[in-house]
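Notes for the one structure printed next.
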Amino acid sequence: AKQAGRDALRFFDPRMQQAVQERLKLEDEIRHGLSHGEFVIHFQPQVGRDGALVGAEVLVRWEHPQRGLLAPIHFIGPAERAGLIQALDFVVLRQACEQLAAWAAQPPRSRLTLAVNLSAHLLYQADFVERLLDLLEQTGADPHLLKLELTESLLLDDMDEAILRMKMLKAHGIRFSIDDFGTGYSSMAYLQHLPLDQLKIDQSFVRQLVEDTSSQTIVRATCALATGLNLEVIAEGVETDAQRQLLELNGCGLFQGYLFGRPVPLAQFEQLQLALRA
Ligand code: C2E
Ligand code: CA
Ligand code: CA
Ligand code: CA
């Protein structure tokens with residue numbers, strides 16, 4: 001009885017209780033936010049060698065009624081733990097598809113691509129392929145302009161299933177990029193089997209590029225690999241012109257980072273579209 005009493009005391013540790021309550025509150029807020037349109041998408045430009053805009057990465061933000069605009073670090077983890085990440089990712093996908101359709105319908109009818117981050121939970125959901133194809137049909141978005149960013153670890157969870165689903169989507173024109181390429185500690189054998197279109201060099205390599213020749217070697221090897229496999233390469237986290245030049249010198253043809261623009265809301269991105277038009 002004494003032992004049970006002590007355990008009970010430990011369980012009712014007020015700090016722990018507070019942490020649990022805060023977590024539950026955040027989960028409720030995410031649920032509420034999902035049903036009240038508080039999650040919005042921002043757009044970060046992606047440009048080619050000539051500096052022309054080719055598309056954007058879609059990054060989710062939470063317009064929290066009390067706490068203001070929140071970055072993903074504040075809610076992606078909690079949404080995953082609460083089993084809400086599939087719903088969140090689908091909300092993002094829907095907004096991206098609606099935007100693609102809106103641009104196609106109005107002058108200058110831009111053909112910009114949108115890259116959307118996909119979590120493992122959504123890719124492996126039983127009806128994901130069907131839901132995404134339905135969404136494309138409902139919105140009228142051109143599947144060729146939609147790119148899905150996947151991480152290596154996500155794909156290795158169940159490679160056969162991932163390949164199957166990717167192939168079904170690819171048959172409709174959807175493209176795939178490996179996000180944070182080179183950080184996954186995984187074998188490269190999977191590159192042969194996956195129907196990929198792009199490798200995205202992680203910003204950790206870009207950050208050290210100017211000082212560190214080994215990062216230059218990794219970038220050069222990644223670009224050679226991509227060329228050999230007939231894949232595009234894009235670098236993320238490009239902040240300086242020195243980085244951009246070294247990337248270009250080592251074979252990279254597409255860039256994303258603060259040098260070209262931070263993630264911004266739609267109105268600002270459309271301004272940028274006018275400024276960066278080829
Ligand atoms: P990520 O996919 O690697 O996205 C790139 C992150 O780097 C973004 O942070 C972006 O704002 C930031 N970034 C871009 N350019 C630069 C630069 O030049 N310098 C620096 N220092 N940072 C740069 P953000 O928006 O906070 O997103 C963080 C992560 O959250 C993303 O990493 C992605 O893994 C996740 N995420 C974002 N949106 C979604 C989503 O809709 N669904 C899911 N499942 N995850 C998302
Ligand atoms: Ca990404
Ligand atoms: Ca990334
Ligand atoms: Ca990254």
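The values are calculated or read from the model by the stated rules, or taken from the named source; none is laboratory data. Bear in mind the structure is a predicted one, so any value in this text is a computation, not a measurement. As a convention, Cβ positions derive from the backbone with ideal geometry for all residues, glycine included, and neighbour counts pool all protein chains shown.
Matching residues to (1) in contact with a helix residue (DSSP H, G or I) (Cβ under 7 Å, 6 or more places away or on another chain); (2) touching a residue at least 40 places away in the same chain (Cβ under 8 Å); (3) closer than 28 Å to A162 by Cα; (4) not hydrophobic (A, V, I, L, M, F, W, C):
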position: H172; (1), (2), (3), (4): yes, no, yes, yes
position: L194; (1), (2), (3), (4): yes, no, yes, no
position: R207; (1), (2), (3), (4): no, no, no, yes
position: V210; (1), (2), (3), (4): yes, no, no, no
position: I234; (1), (2), (3), (4): no, yes, yes, no
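Count of region 166-203 residues, restricted to those that are away from ligand 1 (no atom under 16 Å from the Cβ) and in a helix (DSSP H, G or I), is 9.
Would it be correct to say that A162 is among the small types (G, A, S) and touching a strand residue (DSSP E or B) at 6+ places or on another chain (Cβ under 9 Å)? Taking the combined requirement at face value, the residue satisfies it. Can you confirm whether Q125 is among the polar types (S, T, N, Q), closer than 24 Å to D180 by Cβ and modelled with pLDDT under 95? Yes: the conditions hold for Q125. For region 95-108, the count of residues that are in contact (Cβ under 8 Å) with a residue 24 or more places away in the chain and either in contact with an Asp or Glu (Cβ under 6 Å, 6 or more places away or on another chain) or within 11 Å of ligand 1 (Cβ to nearest atom) (or both) is at least one.
In region 144-156, the qualifying residues are those that are buried (at least 19 other Cβ atoms within 10 Å of the Cβ) and assigned to a helix (DSSP H, G or I), and the one that is modelled with the highest pLDDT is L145. Within region 52-74, the residues that satisfy the criterion of being away from ligand 2 (no atom under 16 Å from the Cβ) and not basic (K, R) are A52, L53, W62, E63, H64, P65, Q66, G68, L69, L70, H74. Inside region 171-214, residues that are of a type in the set (A, V, I, L, M) and more than 16 Å from ligand 4 (Cβ to nearest atom) make up a count of 8. Within region 247-278, how many residues are outside any loop (DSSP other than H, G, I, E, B), under 23 Å from the mean Cα position of the chain (by Cα) and over 18 Å from A226 (Cα atoms)? Total satisfying the criteria: 10. Pairs linking a residue in region 111-128 that is at negative phi and free of Cβ contacts under 8 Å to residues at least 40 places away in the same chain to a residue that is away from ligand 2 (no atom under 16 Å from the Cβ) and basic (K, R), with Cβ atoms under 7 Å and 6 or more positions apart or on different chains, are F128/R165.
Here's the yes/no breakdown for (1) closer than 22 Å to P263 by Cβ; (2) surrounded by fewer than 19 Cβ atoms within 10 Å (Cβ to Cβ); (3) in contact with a Gly (Cβ under 7 Å, 6 or more places away or on another chain):
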site	(1), (2), (3)
P65	yes, yes, no
A87	yes, yes, no
P107	no, yes, no
S110	yes, yes, no
L118	yes, no, no
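Take R244 and tell me if it is basic (K, R) and part of a helix (DSSP H, G or I). Criteria met by R244.
Please verify whether I201 is in contact (Cβ under 8 Å) with a residue 60 or more places away in the chain and either surrounded by 16 or more Cβ atoms within 10 Å (Cβ to Cβ) or away from ligand 2 (no atom under 15 Å from the Cβ) (or both), treating the condition exactly as stated. Criteria not met by I201.
Restricting attention to region 146-157, the residues that are of a type in the set (A, V, I, L, M) and more than 15 Å from the chain's Cα centre (by Cα) add up to 1.
Residues are listed down the side, and each one gets a yes or a no for (1) of a type in the set (A, V, I, L, M, F, W, C); (2) in a strand (DSSP E or B):
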residue	(1), (2)
F43	yes, yes
Q46	no, yes
G51	no, no
G55	no, yes
E63	no, yes
P78	no, no
G83	no, no
Q86	no, no
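For region 212-226, the criterion of being within 16 Å of ligand 3 (Cβ to nearest atom), among the hydroxyl-bearing types (S, T, Y) and surrounded by fewer than 19 Cβ atoms within 10 Å (Cβ to Cβ) is satisfied by no residue at all. Each residue in region 127-141 was checked for being surrounded by fewer than 17 Cβ atoms within 10 Å (Cβ to Cβ) and under 19 Å from L100 (Cβ atoms), and 6 of them qualify.
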